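Below is one structure, written out as structure tokens, with a few remarks after it.
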Amino acid sequence: MRRGGSGVVSPSLERFVIATRFTLIEHVRNRFAVALVFLFVPLWISLGQFMIVDVGVSFRLWATGEILVARGNELTQISGALNAVTLIVGFAMFSATFSSGTFDRRLAMAGYPRPQLLLAKVASLVLASAVVSVYATAVMWAYWSPRQPVLLAVSLFSAAMTYGAVGVALGTVVRRELEGIFLVVMISVIDLALQNPIASKGADTALVRLLPSYGAMQSASAAGFSHSVLLSCLGVQLAWFAGAALLSLLAFRRRTRSAVTGQVPSSPQGAPCSLPTARRPKSTTRS
């Protein structure tokens with residue numbers, strides 16, 4: 001235990017704070033991701049505002065069966081905002097995890113607790129998702145007034161958390177950076193494009209229930225154009241996040257465990273092998 005001016009700080013908490021600080025520094029140094037937050041989010045939402053026709057569109061909210069009426073550009077902004085936050089957070093978490101892979105292995109080999117390393121990534125994911133989601137909601141608020149802005153921000157946050165966990169998993173398992181970026185982009189684009197009632201004919205079919213951001217899209221649409229609070233859809237999105245987080249945990253433990261256990265070789269039968277010892281040279285006697 002370490003004593004400071006305000007009391008006692010446990011070693012585990014101190015290690016968690018240190019790991020979180022380094023993880024956040026890694027995100028801040030990713031200038032491309034920071035630029036995407038401040039430029040891509042308002043650009044994508046503004047394109048939906050000015051490039052999509054400003055006419056009333058009726059669509060069925062699959063989760064409740066309710067028929068909602070919304071302007072085409074406003075509905076496209078919700079889909080575009082979800083696409084933006086999932087791309088940015090997924091890319092940021094993938095990039096940070098991929099670039100810190102060697103460093104994480106070295107820390108694990110040096111005895112740094114793996115739970116603190118993983119919790120630091122979760123903390124940075126929560127902070128990044130919250131910042132991007134609130135920012136995207138504020139940009140949409142500048143163009144029109146969603147009926148439930150807080151629920152809209154929560155819906156964006158849940159989708160960002162899901163794709164952030166996917167980014168961590170991809171950053172752990174893929175071997176080349178281009179592969180991970182391509183997967184994050186394609187999953188998000190296909191996911192949101194199929195759920196946009198304006199762009200997709202199958203937006204009100206059962207197929208959308210199998211998509212990763214189905215819960216967030218349903219909840220965000222309800223938040224924008226009705227007074228319904230779809231807690232069940234947020235629960236579905238939470239389940240997607242839990243599944244992605246579990247995959248991230250397993251992949252991270254496997255990568256760091258191989259680094260730790262790699263220090264001690266094992267025999268084919270599974271028993272630990274001892275390192276060979278140097279033999280003393282045989283003494284020679286002169287006749």
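The values are calculated or read from the model by the stated rules, or taken from the named source; none is laboratory data. Keep in mind the model is a prediction, meaning the values are calculated, not measured. Note that each Cβ is placed from the backbone with ideal geometry, even for glycine, and that neighbours are counted across all protein chains shown. Accessible surface is based on the protein model in full, side chains and every heavy atom, while ligands, DNA and RNA are left aside. Shrake-Rupley method; radii C 1.70, N 1.55, O 1.52, S 1.80 Å.
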Next on the checklist: Please go through (1) open to solvent by 70 Å² or more (accessible area, probe 1.4 Å); (2) in contact with a helix residue (DSSP H, G or I) (Cβ under 7 Å, 6 or more places away or on another chain); (3) within 17 Å of Gly90 (Cβ to Cβ) for Leu178 and return the number of the only condition it doesn't satisfy.
Outcome noted: (2)
Item to check | Unmet criterion (only one of (1) open to solvent by 20 Å² or more (accessible area, probe 1.4 Å); (2) within 23 Å of Ser99 (Cβ to Cβ)) for Val132 | outcome: (1)
Item to check | Number of the exception - Arg21 against (1) basic (Lys, Arg); (2) at pLDDT 85 or above; (3) not in a helix (DSSP H, G or I) | outcome: (3)
Checklist entry - Would segment 11-23 turn up any residue that is closer than 26 Å to Ala138 by Cβ, free of Cβ contacts under 8 Å to residues at least 40 places away in the same chain, in contact with a helix residue (DSSP H, G or I) (Cβ under 9 Å, 6 or more places away or on another chain) and open to solvent by less than 80 Å² (accessible area, probe 1.4 Å)? => result no
Checklist outcome for this item: Looking across segment 206-243 at residues that are in a loop (DSSP other than H, G, I, E, B) and touching a residue at least 40 places away in the same chain (Cβ under 8 Å), the single one that is nearest to Phe157 (Cα to Cα) is Ser213
Checklist entry - Quick one: how many residues across segment 41-79 are of a type in the set (S, T, N, Q) and assigned to a strand (DSSP E or B)? => result 1
Item to check | Index of the failed condition, Val34 passing every other in (1) at pLDDT 85 or above; (2) over 17 Å from the mean Cα position of the chain (by Cα); (3) under 28 Å from Ala123 (Cβ atoms); (4) open to solvent by 30 Å² or more (accessible area, probe 1.4 Å) | outcome: (2)
Next on the checklist: Against the conditions (1) modelled with pLDDT of 85 or more; (2) under 19 Å from the mean Cα position of the chain (by Cα); (3) not basic (Lys, Arg), where does Pro42 fall short? Just the number, please.
Outcome noted: (2)
Checklist outcome for this item: Of the candidates Ser219, Ser200, Ser226, the one satisfying the condition of being crowded, with 22+ Cβ neighbours inside 10 Å and polar (S, T, N, Q) is Ser219
Next on the checklist: Being closer than 21 Å to Leu68 by Cα and in contact with a Phe, Trp or Tyr (Cβ under 8 Å, 6 or more places away or on another chain) is the requirement here; does Gln237 meet it?
Outcome noted: no
Checklist entry - Could you list, in sequence order, the residues of segment 144-158 that are among the hydroxyl-bearing types (Ser, Thr, Tyr) and buried (at least 16 other Cβ atoms within 10 Å of the Cβ)? => result Ser155, Ser158
Item to check | Tabulated pairs, segment 179-195, first under 11 Å from Tyr163 (Cβ atoms), second surrounded by fewer than 19 Cβ atoms within 10 Å (Cβ to Cβ) and of a type outside the set (A, V, I, L, M), C-beta under 7 angstrom, 6+ apart or interchain | outcome: none
Checklist outcome for this item: Of (1) buried (at least 16 other Cβ atoms within 10 Å of the Cβ); (2) farther than 24 Å from Met93 by Cα, Leu207 satisfies every one except (1)
